[in-house]
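Reading through the structure tokens given below for one structure.
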Amino acid sequence: MPKSTFLFGTVGSPMSTPKNPGGTVGGIMRMAQLGLGTLELAWVRSVRVTEAKCAEIKATAHTHNIALSIHAPYFINLNADKDEWPKSRKRLMDAAHYGNLAGATDIIFHPGSYFGRDPKDVLQVAVPRLRECVKELRDAGNPAILRPETLGKSAMLGSLDDTLVMSVEIEGVEPCIDFAHLHARPGDGSANSYDEWMAMLKLVKKRLGAKALKRLHIHLSGIEYGPKGEKHHLSLAEADLKYKDLFRALHDSKCAGRILCESPKMEDDAAVMVKAWEKVANGK
């Protein structure tokens, strides 16, 4: 059987993580026991971690060969007003600083809201702000990639095009592509077919180059949506997401990287994804 071109894991420690040692360290160890290869640390409320704990996390991940990323706090908005932006910026920079200390290579974040403004105008605010963040990280010797996530509501800064614009404009920024969010975002059931996903991947390749397809960072789950987009995540079995067709598109486009499950069933659905991917990769 050929080696998978994707590492699979969960956003947040597996639900089956034992209480002892528990926490992130226990989650990394549990991930290895499950035969999964990557974990996204869910620092989604705040960044509350010491440098000593970061060193322990990094060492544990290295021992168990688990690739780490960070999901930064939800309360980040590249389009925040001038009084709120410093708070958003600190949340992102803290996640990147401590994430790097913990051995994470990628920092995923929600880029914010349009607040009813034209996306092009919002990007004129967002891109310079994000560029300054990357510059500060590089000046500090921090190599972490900042990844704005595609979001599931049409009112949010986070279309695929939004994330690609940021990535084209700023070296050190690449998208986190949540295909469930992209399916939910239009609110009409579209963005759920092999041809539509192939078109998205071709766009990524056109804008960012073929190498970008080899280091994709993907979020995936089932999802419930309405006319305004995402409502909440579902297990794969409960949802209409045609993830097997998505995997065919990823395989046919020669993609690689990480796929992180955000299903409520977490590691169970991650295992389902692994099996589905292996079938596609083996031509079944």
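Worth pointing out:
- Of all residues making up segment 136-150, the number that are crowded, with 20+ Cβ neighbours inside 10 Å and either assigned to a loop (DSSP other than H, G, I, E, B) or not acidic (Asp, Glu) (or both): 7
- Filter result (of a type outside the set (Gly, Ala, Ser), within 30 Å of Gly209 (Cβ to Cβ) and surrounded by fewer than 19 Cβ atoms within 10 Å (Cβ to Cβ)) within segment 249-268: His251, Asp252, Lys254
- Residue count for segment 183-203, restricted to those that are in a helix (DSSP H, G or I) and surrounded by fewer than 23 Cβ atoms within 10 Å (Cβ to Cβ): 9
- Residue match in segment 181-189 (condition: in contact (Cβ under 8 Å) with a residue 60 or more places away in the chain and in contact with a helix residue (DSSP H, G or I) (Cβ under 8 Å, 6 or more places away or on another chain)): no
- Summed over segment 211-237, residues that are over 20 Å from Lys153 (Cβ atoms) and not in a loop (DSSP other than H, G, I, E, B) total 8.
- Segment 26-42 residues that are under 18 Å from Cys54 (Cα atoms), paired with ones that are surrounded by fewer than 21 Cβ atoms within 10 Å (Cβ to Cβ) and at pLDDT below 95 (beta carbon under 6 Å, 6 or more apart): Gly26/Pro18
- Test result for Leu241, over 19 Å from Phe109 (Cα atoms), in contact with a strand residue (DSSP E or B) (Cβ under 6 Å, 6 or more places away or on another chain) and crowded, with 16+ Cβ neighbours inside 10 Å: yes
- Set side by side, the residues Ala271, Ala180, Ala210 differ, and just one is within 26 Å of Ser13 (Cα to Cα), surrounded by fewer than 17 Cβ atoms within 10 Å (Cβ to Cβ) and not basic (Lys, Arg), which is Ala271.
- Set Gly152, Gly112: member being small (Gly, Ala, Ser), under 30 Å from Thr24 (Cβ atoms), touching an Asp or Glu at 6+ places or on another chain (Cβ under 7 Å) and in contact (Cβ under 8 Å) with a residue 40 or more places away in the chain: Gly152
- Residue that is under 19 Å from the mean Cα position of the chain (by Cα), surrounded by 20 or more Cβ atoms within 10 Å (Cβ to Cβ) and of a type in the set (S, T, N, Q), where the choices are Ser221, Ser235: Ser221
- Matching residues in segment 245-284 - criterion: being outside any loop (DSSP other than H, G, I, E, B), in contact (Cβ under 8 Å) with a residue 60 or more places away in the chain and of a type in the set (Asp, Glu): Glu267, Glu278
- Lys120 without any contact (Cβ under 8 Å) to a residue 12 or more places away in the chain, basic (Lys, Arg) and assigned to a helix (DSSP H, G or I): yes
- Flag if Leu146 is over 18 Å from Arg207 (Cα atoms) and in contact with a helix residue (DSSP H, G or I) (Cβ under 7 Å, 6 or more places away or on another chain): no
- The criterion of at least 2 residues that are crowded, with 20+ Cβ neighbours inside 10 Å and either within 16 Å of the chain's Cα centre (by Cα) or modelled with pLDDT under 95 (or both) is met, among helices (runs of 4 or more DSSP H) falling completely within segment 1-101, by 85-101.
The values are calculated or read from the model by the stated rules, or taken from the named source; none is laboratory data. Predicted, not measured: the structure shown is a model, and the values here were computed from it. Neighbour counts are summed over all protein chains in view; Cβ atoms, including those assigned to glycine, are modelled from backbone coordinates with ideal geometry.
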